[in-house]
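Worksheet for the structure shown next.
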Amino acid sequence: MAHFEKANSIGEWLDQRLAVNTLKRVMQTEYWIPKDINFLWAMGMVLAATFGILLVSGIFLLMYYQPNIDTAFDSVNYTIMSEVGYGWLWRHIHGVGASIVFLIIYIHMFTGIYYGSYKKGRELIWLSGMGLFVAFSAEAFSGYMLPWGQMSYWAGMVITNLFSGGSLHADGLVEWIRGDYVPGQAFLSRFFMLHVLLIPLAIIGLIVLHFGTLRIPHVNNQEGEEFDYKEAAELYKAGKVKESKVIPFSPVFLSKDIFVMGVYFILFFYLVFYHFGFAMDPVNFDPADGLKTPAHIYPEWYFLWSYEILRPFPTDPGLIAFAFAQVIFFMLPFLDRSPNVAPASRRGAFKFWFWAMLIDMIVLTFMGKLPPEGIWSTIGLVAALAFFVLWIALPIITKTEKKL
């Protein structure tokens, strides 16, 4: 009994200083979620949980990783994988997590596009989410450098060369980023700092911002129906309606999130134990060698679509195309001129735009892994041009869309 009284006194002490109970009420029991939403709305929590696993596994790897160009490769591929107890497990978890997290991000992004989660007062939800996408991309790229294998070195060389700006010849900027003329110790040290400290802090801040933007305008629902969430909750609690349109975030919706996460982690650890190879490039098991260029340099699968947009064009147009691809998704809330907040299936031409964009990005991803020759080069060029045509067409087809 004394323990309960002590816990209560601690809770009261914290509540008086941090308004803990008020925060819990505002963020949980008084945070109402639409009732008619499916498992895809749980992807945000799945993403946050995966980021947590990446943080924990990264801390364990950090205990033995050596950020030195002479010892980094061996510290990852021999010390961690062979000499440290269960080091292989933590590396598999981190590698699979780093790859799967982008699958979750893309599912989350296209769910938002399909259901119009970026429209009508929800622009900041989309913009903060795209900020997270950029931060996760930077985190993944910086982490890919750390094993200091062949693909780490040469992918770092190619990607940092993009900052030369083609005919702008901004070579000084590239050297400033690398800390040298070619990737070396300064390069590895900088990306190590970015990966383990600066970018994770940015991701945590953006996650807080993203959840905050979700709290104010509320998430939308499958049908795009707009209503007063607080009023709907009060009507149900007062017994004036038979069935509520909303449910409290905690514990009702949170229990659905936890169920989806349970299923997800079964699949996640199945991959960790039995199919981890997809997350580890075989070329990267060779030590970095600046005098031996790989036959075909390519990034990880989650960057392949934007890489393929760059490849078919000459240097300057290619860099412009690549920059366009990185920025254009941020502009989605402003390019979609339709007044309708509804699923794509009910939005006429936008339905075809959505599926065309999804298929085009899948094609770009597959083409990005293949050598740019023969028929593959032609398909990659057509898919890249289709990407631009689709974005140019978006404001036209949505402006003519009839109000539902």
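Coordinate-derived values only; no laboratory data. Keep in mind the model is a prediction, meaning the values are calculated, not measured. Using ideal geometry, Cβ is built from the backbone for each residue, glycine included, and neighbour counts are taken over all protein chains shown.
Only helical runs count toward this figure. For the chain, summing -39,500 (n - 2.57) over DSSP H runs of n ≥ 4 and dividing by all residues gives -19500 deg cm²/dmol at 222 nm.
I want to verify the translational diffusion coefficient of the chain in µm²/s; compute it with Stokes-Einstein, Rh as the Kirkwood radius over Cα pairs, at 4 °C and 1.567 mPa s. Rounded, D is 55 µm²/s. Treating each Cα of segment 269-321 as an identical point scatterer and summing with the Debye formula, the log10 of I(q)/I(0) at q = 0.23 Å⁻¹ comes to -0.97. Computed from backbone phi with θ = phi - 60° and the Karplus coefficients 6.51, -1.76 and 1.60, the 3J(HN,Hα) list for segment 116-128 is x, 6, 9, 9, 6, x, 10, 4, 5, 4, 5, 5, 5 Hz; x is used for glycine and proline. Each of Ala349 and Met331 was given a label point 7 Å from its Cα along the Cα-to-Cβ line. The distance between the two points is 1.8 nm. Reducing segment 350-382 and segment 29-104 to their Cα centroids gives an inter-centroid distance of 29 Å.
The Phe265 and Glu30 beta-carbon pair, evaluated with R₀ = 30 Å, returns a calculated FRET efficiency of approximately 0.55.
Length gained on full extension, Glu226 to Tyr86, computed as 0.36 nm times the residue gap minus the Cα-Cα distance: 45.3 nm.
Using 21 Å as the Cα-Cα cut-off, could you pick out the over-long pairs in Lys24/Lys230; Lys35/Lys256; Lys245/Lys399; Lys24/Lys119; Lys120/Lys399? In this structure, Lys245/Lys399; Lys24/Lys119 lie more than 21 Å apart at Cα. In this structure, Lys120 and Phe211 have a Cβ-Cβ separation that, at R0 = 25 Å, corresponds to a calculated FRET efficiency of about 0.80. Per-residue extension of 0.36 nm, minus the Cα-Cα distance of Leu40 and Leu14, leaves a gain of 5.8 nm for this segment.
Between Phe273 and Trp376, the modelled labels are 3.5 nm apart [label points 7 Å from Cα along Cα→Cβ].
Note on Thr400 and Phe313: their simple-model spin labels are 2.6 nm apart, each label 7 Å out from Cα toward Cβ. The stretch between Val389 and Asp289, if pulled fully straight at 0.36 nm per residue, gains 32.0 nm over its current Cα-Cα span. In this structure the amide hydrogen of Ile247, modeled in the peptide plane, comes within under 5 Å of the amide hydrogens of Ile33, Lys35, none closer than 5 places in sequence on its chain.
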